[in-house]
Every structure is written in structure tokens, then in C-alpha cells.
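Undergrad: Next up is a structure, given as C-alpha cells.
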Amino acid sequence: MTATDKFRDECGVFAIFAHPEAEKLAYLGLHALQHRGQESAGIVTSDGMSLHAHKAMGLVADIFTEEVLAPLHGTLAIGHTRYSTAGDSALLNAQPILVQSNKGMMAVAHNGNLVNAQDIRHRLEAMGSIFQTNSDTEVIVHLIALSREHTLPEAMADSLRRVEGAFSLVMISPDRIFAARDPRGFRPLAMGRIPAQPGMKHDTIVFASETCAFDLIGATYERDVKPGELVVVGPEGVTSHFYAPAQEQSSCIFEHVYFSRPDSFVFGRSVDKSREMLGRQLAREAPAEADIVVPVPDSGVSAAMGYAGESGIPFRFGLIRNHYVGRTFIEPSQSVRDFGVKLKLNPIRSLLEGKRVVLIDDSIVRGTTSRKIVRMIRSAGAKEVHMRVSCPPTISPCYYGVDTPSKSQLIAANKSVEEIREYIGADSLVYLSLEGMKKACGDGEKTTYCTACYTGKYPTDIVDVEEIQPAAVIKR
Ligand code: AMP
């Protein structure tokens, strides 16, 4: 799949209203959200009159130098960090998307995926709209521009009623910040506050995909943007509009399993707590006769702590991660087996030698990583490797903003658990049950979850899953 075919993005969004250094806080906010997307990043700011944008390929800290941030100086800002597969059109699809429309200048940054974007796009193109990107987000911008409503908040509400799927989005106009979530609340979006800064009439209001962004800039988490809600922050203060009635909640459970940072509150719940409970539940459901519990770092760490705590088997960091793995590296001409994984992870032989190991990871997607890691642990001398996974088998792609591959590439869609065990070369393999995962993440407490990637049951109309493959949809 190439970038032009790609319609599933993983993203982080950030917005800030009324801060004398909005551009710098947006930069810091995006830095904290870097794990949500490492391909490109962008910031759009307002000085009260006009919008200023910069976006580029790469990591937040590399893109936004002092020189780049200086001309972005403003009091309002939105930002976006994005991951999709590499390709030459990727910068074109970087966000925020900035436009000059009949409703004035505006920019939008979006996390999630719209499931009816192609439909709307075809209709708008037939009416003469010219799209600049392959991004589903651009559909929202066109709908706003075409809306018969006169004010931006009304036009935005009108547009959001017409799109289906997952969206947590932030928008900026010269004097306002907007933040909205889809009526099912697929993706997170939190709101926070910093007391009014010198020279500012209002408290600083911030929005971010995850609360870890608030910690870095000294903002206090106030609440989540509610499903179906459009929050407008402007000279009149903070106003809340429900553009659509909330529907049955389908918050993405994978945010708790893997995607969000453990130091974040997501859907009003500590991610670390969920992960520890996932590990504890896994230990109850799938005990193992073993000497040590070893996480696949970093994604398996919190669940492994839970597993160790519940089982009483000692937790040991048996794999060490190199955090400085860049995008480009030089491979020796004589190919080294499992080179990619070895660049990132190295086993501690003195810990693993002769041991029966419970290896914990958050998920198996294609199965290739687990296969290499199991082999690595064995080659470091482990006697047995018992793989435990802190979620059920991933059997269906996500259409709501997580980059899971198509069914043909999902190992659990094509092999039984026993066949997967054999493929990855483990002595035993057990996944957490669906009920166990939901319980560990507090399903039914603050939210109910979308578990479509584990069940194939999608909360919106996805007519034929395999038909809606990226290439089929976007190539024309
Ligand atoms: P594999 O089974 O080789 O496809 O890789 C599975 C590993 O990828 C797991 O350790 C997860 O932590 C990680 N992973 C799972 N889903 C994603 C995703 N959507 N984006 C990036 N990494 C992921």
C-alpha cells in the first residue's frame, strides 16, 4: 500500500486558546503526543487577525526549531501529528488543513476516520469542488465552506451532522478555537485549563488527544469533550453546543490496550490502570508455570507488571530497548537475521538463560514481531517461552483511525491460536478474553467500548469490510 492509497491515519491533535505563547505550548503539546504519529506534524496559529501555518515531514522536535516557531507567534493555535505509511504525497496530506473560504480563514486538525468521506467527496466533486488532498478531513472543510449556515459554529455543526465515523477534531479561526467529537466518541479529546496569563482576559483553554499533553504545559484536566458536542472558545468565553444527540458510546478500547500513553487519562480513565488490570486479568485467565515475567518494551510493560503482581512471578526487564532507532539506518551487506527487531531490542542473557519465561505483549497484529522476539529470547538461553497477549486476537481492520492492516495481513484472521503459537515458536500462547479485556478497561463505567477489531462487529455501517480496502476507495 502506498501513501496515496492510505486512508487510515493515527494522529494526535492539540489546541490552545488565549496564551501569549500559544505556538510554543502547541509545540510542547505535540511533543507529548508524538507517540500518536511520527510521520508529519503541523501547527497553525492566530495572532487575532490572520492564520499562520507550518507543517513538515518528521518529528515535532526536528520540525519546530526556534526559527520556524518565531513567525508563528500568536495567542491561539492548533496542532496535529500524524502517522501513515511513507510516500511522496505524504506532506500534502499533513495537517492542519488551512483554507480561505467564504466563511473566512480556518484550519482543521482531525484524529479518526470518516467512513462516508468517499461518498461525500464524490458528490462534492460532481458539484465542482476541487480537493487538494487525499485526506478524509478535507471533506469537512468543503462541507463547512458550502454550508448555508452563516456563522462558523453553525456551519461546523451542520457539516459534522453530515459525516459518519470517527472524529475528534480541533479547528481554528482568527479569533476562535473549536473542538468536537463524533456522537459515538470513538477517539479521545480532553479539555484543560491554565489560569489566565498576564495580559490575557481569559483563562487559557486547551484541548488534546491525551492528558499527557496537559501535564507538560501545566494545564489542569477539566473534562472530555462529550460525544456529539462542539465546544467553541472565543471572546465570549467557552460555549457548548450539541450538534447531534449522543449515540451508544463506542470509545476505542485499543487506546487503552496500546495506543495511548500510560500516563494519560483517556475516556476519563487512567490508561496505566487499565493496562495493569489487563495484565492481572490475563494472569487469572492464563496462568503459566514460569520463573520470570518479561515485557515486550514499551507496549507490554504495564500489563506485565499486572501479570507479575497477580501471579507472584517476578517481573524482570529481560529485553532492553534502544530508544534512538531512527528512520534510516545502514544494514550490513551480509544480511543479519531479524535485523529490524535487533536494532530495537536486545535480550539480557544473564537474566534469561535457563529460565521459563512468560513473555507479555499488548497485541499480535501480523505476528512477525512476536516471532522474532520469541526467537531472540530462546537464543538468549531461555528454556521455555510462554506468550501472553493482553487483548483478544485481532481479527478485523479498524475503520476509525487505528492503523490495523487489512484482514489478509492479520494473522488471527487467518490462523487459529494453535497455528499462531506454532508460527511464533512459543511453547504456549494465550490471548485475553473479550470479556476480560472489557472488564479490565472498565466497560460500562465511564464509557462503553468499540471492540470491532476483535469481533468484526462495527458500530457504524461498514457494508463489506474487504470491499472498503484503502486502494479500492481512494484510487480513481
Ligand atoms: P506484528 O504482530 O509484527 O504486526 O506487531 C505487533 C506489535 O506492533 C505489537 O507489539 C504492538 O505493540 C504493535 N502495534 C500494534 N498495533 C499497532 C499499530 N496500530 N501501530 C503501531 N504499532 C502497533
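The values are calculated or read from the model by the stated rules, or taken from the named source; none is laboratory data. In this text, all values refer to a predicted model and were calculated from it rather than measured experimentally. Note that each Cβ is placed from the backbone with ideal geometry, even for glycine, and that neighbours are counted across all protein chains shown. Heavy atoms of the whole protein, side chains included, go into the accessibility calculation; ligands, DNA and RNA do not. Shrake-Rupley method; radii C 1.70, N 1.55, O 1.52, S 1.80 Å.
Undergrad: Given 0.36 nm per residue, what is the gain on full extension from residue 409 to residue 130 after removing their alpha carbon distance, in nm?
TA: Full extension of this stretch gives 97.0 nm more.
Undergrad: With each pseudo-label sitting 7 Å past Cα toward Cβ, what's the residue 338-residue 418 distance in nm, one decimal?
TA: Placing both labels 7 Å beyond Cα along the Cβ direction yields 2.6 nm.
Undergrad: Using the alpha-carbon atoms, what tilt in degrees (0 to 90, nearest 10) does helix 301-311 show relative to the longest principal axis of the chain?
TA: With both axes taken from Cα atoms, the answer is about 50 degrees.
Undergrad: Multiply the residue separation of residue 66 and residue 102 by 0.36 nm, subtract the distance between their alpha-carbon atoms, and state the gained length in nm to one decimal.
TA: 9.6 nm
Undergrad: Still on this structure, please answer the following. By how many degrees, between 0 and 90 and to the nearest 10, does the Cα long axis of helix 22-32 differ from the longest principal axis of the chain?
TA: Result, in degrees: 20.
Undergrad: Next question, about the same structure. Taking the highest mean first, how do the peptides 29-36, 288-295, 197-204 order by number of other beta carbon atoms within 10 angstrom per residue?
TA: Result, highest mean Cβ count within 10 Å first: 29-36, 288-295, 197-204.
Undergrad: Based on the Cβ-Cβ distance from residue 151 to residue 122, what FRET efficiency comes out when R0 is 25 Å, to the nearest 0.05?
TA: In this case the efficiency is close to 0.35.
Undergrad: Rolling a 1.4 angstrom probe over the protein heavy atoms, how many square angstrom per residue are accessible across the chain?
TA: Dividing the accessible area of the chain by its residue count gives 40 Å².
Undergrad: Follow-up question, since we're still on this one. Taking amide hydrogens as modeled 1.01 Å from N in the peptide plane, which residues meet the under 5 Å criterion relative to residue 59, leaving out close sequence neighbours?
TA: none
Undergrad: Under the Karplus relation 6.51 cos²θ - 1.76 cosθ + 1.60, θ = phi - 60°, what is the ordered set of whole-Hz ³J(HN,Hα) values for segment 381-397, x standing for Gly and Pro?
TA: x, 4, 7, 9, 10, 10, 8, 10, 10, 8, 7, x, x, 7, 10, 9, x
Undergrad: Would you kindly compute the Cα radius of gyration of segment 404-465 and its largest Cα-Cα separation (Dmax), both in Å?
TA: That works out to 14.3, 40 Å for Rg and Dmax.
Undergrad: Per q in 0.06, 0.07, 0.08, 0.09 1/Å, what log10 I(q)/I(0) does a Debye calculation on the alpha-carbon atoms of the chain return?
TA: At q = 0.06, 0.07, 0.08, 0.09 Å⁻¹ the computed log10 ratios are -0.27, -0.37, -0.48, -0.61.
Undergrad: Another question, then. Leaving ligands, DNA and RNA out of it, report the carbon-plus-sulfur percent of the accessible area of the chain at a 1.4 Å probe.
TA: Carbon and sulfur together cover 52 percent of it.
Undergrad: OK, next. From Cα pairs below 8 angstrom and at least 6 apart in sequence, can you work out the relative contact order of segment 294-430, rounded to a whole percent?
TA: It comes to 23 percent, rounded to a whole number.
Undergrad: While we're on this one: With unit charges on the beta carbons (Lys and Arg positive, Asp and Glu negative) and the dipole taken about the Cα centre of the chain, which residue among 330, 134, 27 sits farthest to the positive side?
TA: Comparing the listed Cα positions along the dipole, 330 ranks first.
Undergrad: Give me the net charge for the shell around residue 345: Cβ to Cβ below 9 angstrom, other residues only, Lys and Arg +1, Asp and Glu -1.
TA: +4
Undergrad: What angle, in degrees between 0 and 90 and rounded to the nearest 10, separates the Cα long axis of helix 271-285 from the longest principal axis of the Cα atoms of the chain?
TA: The angle comes out at about 30 degrees.
Undergrad: If you take every residue apart from residue 320 with its C-beta less than 12 Å away from the C-beta of residue 320, what net charge results, scoring Lys and Arg +1 and Asp and Glu -1?
TA: +4
Undergrad: Please give the contour-minus-distance gain from residue 433 to residue 298: 0.36 nm per residue of separation, less the Cα-Cα distance, rounded to one decimal in nm.
TA: 46.4 nm
Undergrad: Just to confirm a number: summing +1 for Lys and Arg and -1 for Asp and Glu over residues other than residue 48 whose beta-carbon lies under 13 angstrom from that of residue 48, what do you get?
TA: Taking every Cβ under 13 Å from that of residue 48, the sum is 0.
Undergrad: Take every Cα pair under 8 Å in the chain that's 6+ residues apart, average their separations, divide by the length, and report that relative contact order as a whole percent.
TA: Taking the mean separation of contacting Cα pairs over the length of the chain, I get 14 percent.
Undergrad: While we're looking at this one, here's another question. Would you mind putting 73-79, 53-59 in packing order, based on average other-beta-carbon counts within 10 Å, highest first?
TA: 73-79, 53-59
Undergrad: Ranked highest first by the average count of other Cβ atoms within 10 Å around their residues, in what order do 354-363, 329-338 fall?
TA: Going from most to least packed, we get 354-363, 329-338.
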